[in-house]
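One structure is given below, encoded as structure tokens.
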Amino acid sequence: MDYTLHDETLKLVKEERRLTGLVIENLQKIQEANLHLKMGYSSLFEYAVKALGYSESCAYRRTSAVKMARVLPEIKEKLNSGELNLTNLSMAQSFFSRGKIEVAKQKEVLEKIEHCSKSETEKILVREFGVKALPPKRELVQSTTGDEALLHVRLQQETLKKLDRLKNLRAHKNSKMSYADLIDDMCEYMLKKLDPSERTVHGQHTRNTDLSAKPGAVGVARSPNPRYIPPMIKRQIWRRELGQCSYIDVKSGKRCESRHLLQYDHIQPVCCGGEATEQNLRLLCHAHHRFRDANV
């Protein structure tokens with residue numbers, strides 16, 4: 001029997017491992033240079049999914065390897081050789097990221113999972129860290145037919161008890177409330193509490209309703225704190241930016257899509273005389289806010 005096809009495939013597998021190592025190395029360089037932030041992505045994971053086209057699981061495994069490579073650069077060689085693979089690396093990283101695991105301990109664990117299958121790796125990790133099971137997997141959101149979606153999450157028993165208490169407290173609204181109904185009810189309640197675009201002004205004097213007016217103008221009280229942003233101006237900025245990070249990549253024109261950890265940013269910094277006006281304020285996600293501060 002001719003084994004040429006096997007030999008060719010083996011060569012391709014080795015090349016695939018080498019290329020995977022190069023991808024991890026480039027992702028690490030991209031993160032260190034903040035290139036993903038410059039391009040309008042709030043995280044390396046989002047960049048890997050939306051710019052590189054990886055599935056979420058593939059992106060998660062690769063970004064986990066990048067995190068580990070910062071502490072243990074030798075794992076790139078082990079990936080190239082096939083001693084370790086992205087699956088058992090990401091499983092190990094899920095433990096390493098939960099607490100301060102010493103580098104020596106991390107190296108010891110990685111040596112034990114070399115050439116191991118997924119199930120073998122799980123048994124070793126569970127034994128090494130004295131737990132009953134692996135940490136919960138990433139939450140799963142799956143689109144279904146129509147306007148519905150399937151959300152799969154793992155909850156602590158205490159959290160489930162809290163949900164049941166809320167169902168009882170809201171039974172006057174819907175005596176047969178499901179968990180899906182409860183989540184929708186909580187969303188409505190919390191959005192009215194937290195979303196600036198949903199809030200209404202209660203008990204405030206609004207002699208001057210010009211939201212762009214500078215502090216100190218007639219009808220607008222000046223705060224002794226130069227960083228203070230009046231609630232009305234916050235609402236105006238939030239509505240203008242549609243509750244989304246306003247960072248735009250100057251080269252591609254791509255706007256950051258993040259709505260996570262949004263912060264109000266002074267375009268002209270307060271230390272340079274920037275004021276809390278509509279024209280001088282914008283919304284930035286936490287990642288782009290830090291990126292902006294580092295490049296001012």
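The values are calculated or read from the model by the stated rules, or taken from the named source; none is laboratory data. Since this is a predicted model, take the numbers as computed values, not measurements. So basically every Cβ, Gly included, is an ideal-geometry build from the backbone, and we count neighbours across all protein chains shown.
Listed here are the residues, each with its yes/no results for (1) free of Cβ contacts under 8 Å to residues at least 60 places away in the same chain; (2) in contact with a Leu (Cβ under 9 Å, 6 or more places away or on another chain); (3) under 23 Å from Ile248 (Cα atoms); (4) outside the structural domain of Leu10 (by TED's automatic domain parsing).
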site: Asn34; (1), (2), (3), (4): no, no, yes, no
site: Gly40; (1), (2), (3), (4): no, no, yes, no
site: Phe45; (1), (2), (3), (4): yes, no, yes, no
site: Ser64; (1), (2), (3), (4): yes, yes, no, no
site: Met68; (1), (2), (3), (4): yes, yes, no, no
site: Leu72; (1), (2), (3), (4): yes, yes, no, no
site: Lys78; (1), (2), (3), (4): yes, yes, no, no
site: Asn85; (1), (2), (3), (4): yes, yes, no, no
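Looking for something farther than 21 Å from Ile113 by Cβ, outside any helix (DSSP H, G or I) and in contact with a strand residue (DSSP E or B) (Cβ under 8 Å, 6 or more places away or on another chain) - is there at least one such residue anywhere in the range 33-55? Outline the logic, then answer.
To start, the set of residues in the range 33-55 that are farther than 21 Å from Ile113 by Cβ comprises 33-55.
Going one step further and asking which of them are outside any helix (DSSP H, G or I), we end up with 33-34, 39-43, 51-55.
Next cut, in contact with a strand residue (DSSP E or B) (Cβ under 8 Å, 6 or more places away or on another chain) only: 40, 42.
Scanning the range 33-55 turns up at least one residue that is farther than 21 Å from Ile113 by Cβ, outside any helix (DSSP H, G or I) and in contact with a strand residue (DSSP E or B) (Cβ under 8 Å, 6 or more places away or on another chain).
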_farther than 30 Å from His288 by Cβ, charged (D, E, K, R) and free of Cβ contacts under 8 Å to residues at least 60 places away in the same chain: is that true of Lys100 in this structure?_
no
*Which one is surrounded by the most Cβ atoms within 10 Å (Cβ to Cβ), of the residues in the range 141-185 that are among the polar types (S, T, N, Q) and farther than 30 Å from Ser55 by Cβ?*
Asn174
*Hey, any hits in the range 21-35 for a residue that's under 20 Å from the mean Cα position of the chain (by Cα) and of a type in the set (Lys, Arg)?*
yes
*Output the residues belonging to the range 67-85 that are under 19 Å from Leu44 (Cβ atoms), part of a helix (DSSP H, G or I) and more than 20 Å from the chain's Cα centre (by Cα).*
Val71, Ile75, Lys76, Leu79
*asked:* Tell me whether the range 118-130 contains one or more residues that are in a loop (DSSP other than H, G, I, E, B) and at pLDDT below 95.
replied: yes
*Does the range 149-163 include one or more residues that are within 29 Å of Leu261 (Cα to Cα), over 27 Å from the mean Cα position of the chain (by Cα) and not in a strand (DSSP E or B)?*
yes
*Would you please name the residue that is surrounded by the most Cβ atoms within 10 Å (Cβ to Cβ), looking only at residues in the range 70-108 that are among the hydrophobic types (A, V, I, L, M, F, W, C) and within 16 Å of Leu19 (Cα to Cα)?*
Leu84
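Results for (1) under 21 Å from Ala51 (Cβ atoms); (2) assigned by TED's automatic domain parsing to the domain that holds Glu46; (3) assigned to a helix (DSSP H, G or I), shown as yes or no for each residue.
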site	(1), (2), (3)
Pro224	no, no, no
Ile237	no, no, yes
Ser246	yes, no, no
Ser252	yes, no, no
Arg259	yes, no, no
Gln268	no, no, no
Gly274	no, no, no
Leu284	yes, no, no
*State all residues of the range 16-60 that are within 20 Å of Arg290 (Cα to Cα) and touching an Asp or Glu at 6+ places or on another chain (Cβ under 7 Å); if no residue qualifies, say none.*
Lys38, Met39, Gly40
*Regarding Leu262, is this residue modelled with pLDDT of 90 or more, within 30 Å of Lys192 (Cβ to Cβ), exposed (fewer than 12 other Cβ atoms within 10 Å of the Cβ) and within 24 Å of the chain's Cα centre (by Cα)?*
no
_Matching option when the condition is of a type in the set (Ser, Thr, Tyr) and within 15 Å of Asn26 (Cα to Cα), among Ser81, Ser64, Ser90_ = Ser64
